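Take a look at the structure set out below.
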Amino acid sequence: MQKVFFKTFGCRTNIYDTQIMMENLRDFKLAKDEKDADIIVVNSCTVTNSADATARNYISKVSKLNKKVIFAGCGAISRGKELFEKGRVYGVFGHSEKENINSLLKNEGRFYDIGDLKSVEKSIVYDFEGKNRAFIKIQEGCDFRCSYCIIPFVRGNARSQDEDKILKQVEILASNGYGEFILTGTNIGSYGKDKGTSLGKLLKNISKIRGVKRIRLGSIEPVQIDDDFMEIVDEEWLERHLHIALQHTNKEMLRLMRRRNIYEKDKELLWRLSQKGFALGTDFIVGHPGETKERFEDGYEKLKELPLTHIHCFTYSKRDNTHSLTLKDEIRGDVAKKRHKRVVDLIAKKNYNFRKDKNDPLLILIEEKKGGYFIGYDQYYNKIFIKSDKDIDKKWVEIKDYEVKEDANYAIF
């Protein structure tokens, strides 16, 4: 029986998609290493040029092993045809075909099956290889058309998974020992808009399932935090960290980026959530065309006003099939790099102060043991390093006494 190795790049949604592919293998075994595999499936990310380059470099490396390389994921839509026609991969398939992976891999010849961008998978995931947290994909695609983003082009428009299927998925994984669930998707805040429901209502129903201890969320747009969602923000099962995608805080940059959020409303929302005890993260892009010095400085000063604790800061990356590619007034790479550092350093200080000001017990699910420490994340999504003579790997622990350092929290249990 041939062996298949999966290499996953990118976001939590890709992690879930890889698990879907694993669940649908019938006539193959899983390999734990590229060298032991007959077939290597690359589940790729294409959100930035760097992500594309990373996948291509990996393909170049494993091609020397004389294995069949199959290209899947978001990159299959944007770069798959090029790689296939150049003979750099044996096969290519799109998102809608991942549940057909068994028959695709049994093809006797090369194949290119990009599928469509309208489907949602029907498969149930029973386990997550090497994970002690479960990922639940609740929707696919995005209806936003931000100027810099290629994702709607490679994932399609927003469409929600059936709630019954989601709840069944959570029930199975909870019965298999998972207590922490991470809801993921391309744009999870849009969940239910096509089905007459909402993310808030879904969360309430998931929380009722026996064994569910904590629910984490992927990124949400500020305009998607509605009354249904605000009704559940005081619930103990909701992680005390929310990632709310702003992308910028300067009015003109938000216009150029074709964003739907407005800084003044964002500020009001974030402070409202902060006062309820939430740690708050965001995405922020520097170096987008049109980000003059004045616009960046205005955005930076506004970031100072926000109660942020975490940030995913990106330097702008050109993407085909996006409006931003047509814009003038490009920003030099060295300038964008300096802006990136300033933003990251600012939020790192805010995070340190947030952790210093907190004195409540931390609830942690230990994820791994490394370098003499057990490592996990607390309810505020802050990393903690714990020394213990007990075997607490993959277990829940409550820490009351801990030391706050700039890089993370430290404790003895």
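Descriptive notes on the structure:
- Filter pass, E121 being of a type outside the set (G, A, S), buried (at least 22 other Cβ atoms within 10 Å of the Cβ) and under 23 Å from K201 (Cβ atoms): no
- Meets criteria (under 23 Å from D378 (Cα atoms), in contact with a Gly (Cβ under 8 Å, 6 or more places away or on another chain) and among the basic types (K, R)) for R240: yes
- Of all residues in segment 208-235 being closer than 17 Å to K267 by Cα and among the acidic types (D, E), the one that is surrounded by the fewest Cβ atoms within 10 Å (Cβ to Cβ): D226
- Restricting segment 265-293 to residues that are of a type in the set (F, W, Y) and surrounded by 18 or more Cβ atoms within 10 Å (Cβ to Cβ) leaves a set whose member that is farthest from L346 (Cα to Cα) is F278.
- Considering segment 302-336, and only residues there that are within 19 Å of R259 (Cβ to Cβ) and without any contact (Cβ under 8 Å) to a residue 12 or more places away in the chain, the residue that is surrounded by the most Cβ atoms within 10 Å (Cβ to Cβ) turns out to be L325.
- Which numbered condition R339 misses (of (1) crowded, with 18+ Cβ neighbours inside 10 Å; (2) in contact with a Lys or Arg (Cβ under 8 Å, 6 or more places away or on another chain); (3) over 18 Å from G277 (Cβ atoms); (4) not β-branched (V, I, T)): (2)
- Flag for L117 being at pLDDT 95 or above and under 30 Å from I225 (Cβ atoms): no
- Residue within segment 353-367 that is modelled with pLDDT of 95 or more, of a type in the set (K, R), surrounded by 14 or more Cβ atoms within 10 Å (Cβ to Cβ) and not assigned by TED's automatic domain parsing to the domain that holds Y178 present: yes
The values are calculated or read from the model by the stated rules, or taken from the named source; none is laboratory data. Everything quoted here is computed from the prediction, not taken from an experiment. All Cβ positions, even for glycine, are placed from backbone atoms using ideal geometry, and neighbour counts span all protein chains on display.
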